[in-house]
1. For labels at B:ASP256 and A:TYR306 in the simple 7 Å Cα→Cβ model, what's the distance in nm?
2. Show me, for region B:43-60, the HN-Hα J-couplings you get by feeding each phi into the Karplus relation (A = 6.51, B = -1.76, C = 1.60, θ = phi - 60°), rounded to Hz, glycine and proline as x.
3. At 0.36 nm per residue, minus the direct Cα-Cα distance, what do B:ARG128 and B:ARG83 gain on full extension? Give it in nm, one decimal, please.
4. For the residues B:TYR211, B:TYR122, what sequence is obtained by ranking on other C-beta atoms within 10 Å, fewest first?
5. Given the options B:PRO171, B:PRO89, B:PRO46, state which has the largest fluctuation in a GNM of chain B using a 10 Å cut-off (strictly under) for Cα springs.
6. How high is the relative contact order of chain B, in percent, with contacts defined as C-alpha pairs under 8 Å that are six or more residues apart?
7. Which ordering of B:MET157, A:MET464, A:MET421 is given by a fewest-first count of other beta-carbon atoms within 10 Å?
8. List B:CYS218, B:CYS270 from most exposed to least, where exposure is judged by having the fewest other Cβ atoms within 10 Å.
Amino acid sequence: MLSRPIRAVAPASVSVGELFRQPWLLFIVIFGPFLILLAFVVGARVYRDFPTTIVVLPAQPAGPSSLQMNGKDLDNFLRVVDTTTDRDAALARLHRGEVKLVLELPPDPEAAIAKGQQAQINIYTNEIDPLANSFFTLFVESQIAELNREAIAKTAAQTKDTVGRLKGEVDRAATLLDGIENGSVQEQRQHLAEAATLLDQIDAGLTQVQQIAQLALGPAAANAAPLAELQRERDQVNRLRNDIRQLDAQLALAPSPQQAAQLRQDVGQLQQLLTQAQSANPTVLSAPFTAQVTNVAPYVPRGTDYFLPGVLALIVQHLALTLAAVSVARDRRLGVLDLYRLSPASAGEVLLGKYLGLIVMVALIAAAITGLAIIALGLPVLGGLPWLASALFVFVLTSLAYGFVIGLLTRSEETAIQLSMLALIASVAFGGLLAPLEQLSKPLLGVAYLLPVTAGKIVLEAVMFRGYFVSWVAPVVLVLLLLVALALSFRLFATELARR
Amino acid sequence: MTLATPDRALPTTPVSTPDPVVALDDVRLSYDGRDVVDGLSLAVVPGQVYGLIGPSGAGKTTVLRAALGLLRPAAGEARLFGRPAAALPRALRARVGYVPQDFTLYPHLTVAENLNFVAGLYGIGWLRRRRRIRELLALMELTDHRRKLAHNLSGGMQRRLQLAAALIHQPALVVVDEPTAGIDPILRARFWDEFRAIAEEGRTVLFTTQYVNEAELCDYVALVAAGRVVAEGTPTALRRLAYGGDVVDISSPDLDWVAVQRLARLPLVCRVEQASPGWARLLVEDSARATPGLVRATEEMGRHVERVATSEPSFDEVFTRLVKRYA
């Protein structure tokens, strides 16, 4: 009655025994992966350094201007290693790989803006890595947008000064209009004429401010809030000027108190608008919207910690897959399969034994690596240890099943190892480690999900960093892969032992 | 029992032979589209030490693997314990022990661990297993080496370990491929003692060897050459088949050519093989019956007989003769 379990345990003892007979191998398989993890955490950085840059300044700079930049302005987002006026020398250094970027500033940005043109900053790079290229492009574009914003803020500050001056003039116009009700018609008309002159000056001032702001913000910002505000102020001034003209025309006929009151009310509104404009914050005007990101994730891993479940899954998958594949291929080379064929043990019992041995071994190794990672690197397990153990168990078993399938489909240990390496490369490329899964095309995503590491990584991330599954796709896929690979491995092993 | 060459074989097994443990019936085995064994039949009965003897490349291992069901014949049938060898039920598989030509255990396990593993495969419980391993280690003189890794063993020790593994479940049939190849004469003798002991227990040993002289130690021998059984029978029967009878050497100081010619005309004497003054080698039908007549006839001729003995030519000679004659 006990024969069956005894027979199944026999191949298990081989796997464990052989490993423990090779202490160096044991050391390498347990500490090797952990050291890789540790080296990754310590040595790798998620974020890139600011690119090293040479700033090429204009050979003949324009006069002082609020829009004029220098090397120091750029130090906030670039690592400016040199500033020069020699563009060719800078480009030569770029070709020699001494710097990542050469940034050439425009000679006279203000003049360009005055002509209705954007001031162009030329950026040169010598990068063949498309990812690095994308990074530089996005990074520099975002930083140029920041420079634009700073330019708008400077312009807005200037505008604020102008508005302050305009407000003084409007206040004077209001005083003049206050005198209309008390003076003679002659005096009243004189006051109106002075007020109209002042309003012309205010309109001219507002037009100037509006033009500067429009150029600074660019054509796409025609409806931006600061410009709309300026337009409203100009409309108000024009309406006031109309009111004054009408009033002047009617003064000979003696203005009605209602008309005078209307005029005074319009001036009051203009005063109010200018007061608001004067109190406006230039930073707010230049960037009226700001974003406040609130992460509701229960845990946000630091830097490279985020990648640890993925790297862990990759290591465990590679270990399990290789050991299982080589185990079967080596049995074939040694001739042990004949021993199995002639023994009373069934194919199922033998393979079960092999699973038992390897799962004990790989699960122990996986537990050791994960334990070390949790303790040494302080990673959380928000889903709890039972969930982590279950996830690791299913993942290891799936990887072993894949390994057995590979071992049974190949004829030699060398081929089995090569296929295991191919699986590793495919896992790195498509398993969501290098590029997010969302970036893969649908057929490639299907291929990615055929690799245990893809679902394994997502499951381990969820168990460790979230404590719940955002989606049940990955766990379900992992279990399905396990069932299919298990069934296939048992079927192939039975066929192998029946082979004559 | 079907014999490959009925006219050459000398059936010596009793008429009422028990059912064969191993039976190959007109088996043809192909490799890479080439027939390596063609029309081969043999039967191994319980309690026999059965030797498949032949030169390297004769197809002995292929025949053995077909007999075990590890190769599927292109034609003919292989049966073990009366059942098709390729579909042997679990209970019958447990009655077979196999020692392949190469070492096929795990090199990174110790001697004891390898035996433990094989015992487990055969479902032997831990208590019985311990006792059995101890016995086998002692029998194969491996007790002092039980903790050595298999890959650190000498070739001879590995053969002993492999044999111990095949015997651990006390199989009814032990199939051994070239058990004595490359091992020293002392170890070879020890293996043979073990095979004889197994046969005496009523169990069966089927083995292959390229050492033709080991045929003498078998109960039954099949000479294999170029994938065919050239001849089969007991060692004595094969010797008689090779020479056409028994060989008797007679020595007498007065024996001359005239006397030898007279002896050659005696009823049981087939022919004169060799002769020289004072000595003659005669081929007789049956040495036991012919020898008294030879002595009597010589003395009647007034010659003093110094020595008469049945000569047993080496199996190298027997094999060479048979292969030359039938292959």
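1. Taking the simple label geometry, B:ASP256 and A:TYR306 are separated by 11.8 nm.
2. Using θ = phi - 60°, the values come out as 9, 10, 9, x, x, 8, 9, 10, x, 9, 10, x, x, 4, x, 6, x, 4 Hz.
3. Details: separation 45, 0.36 × 45 = 16.20 nm, distance 2.91 nm.
This chain segment gains 13.3 nm when fully extended.
4. Values: B:TYR211 15, B:TYR122 23.
By the 10 Å Cβ count, ascending: B:TYR211, B:TYR122.
5. Greatest mean-square fluctuation among the candidates belongs to B:PRO89.
6. 20 percent
7. On the way: B:MET157 20, A:MET464 25, A:MET421 13.
Neighbour counts put them in this order, fewest first: A:MET421, B:MET157, A:MET464.
8. On the way: B:CYS218 24, B:CYS270 16.
Placing the least packed residue first, the sequence is B:CYS270, B:CYS218.
We did not get these values from a lab; they are worked out from the coordinates using the rules stated. None of these values were measured; they are calculated from a predicted model. All Cβ positions, even for glycine, are placed from backbone atoms using ideal geometry, and neighbour counts span all protein chains on display.
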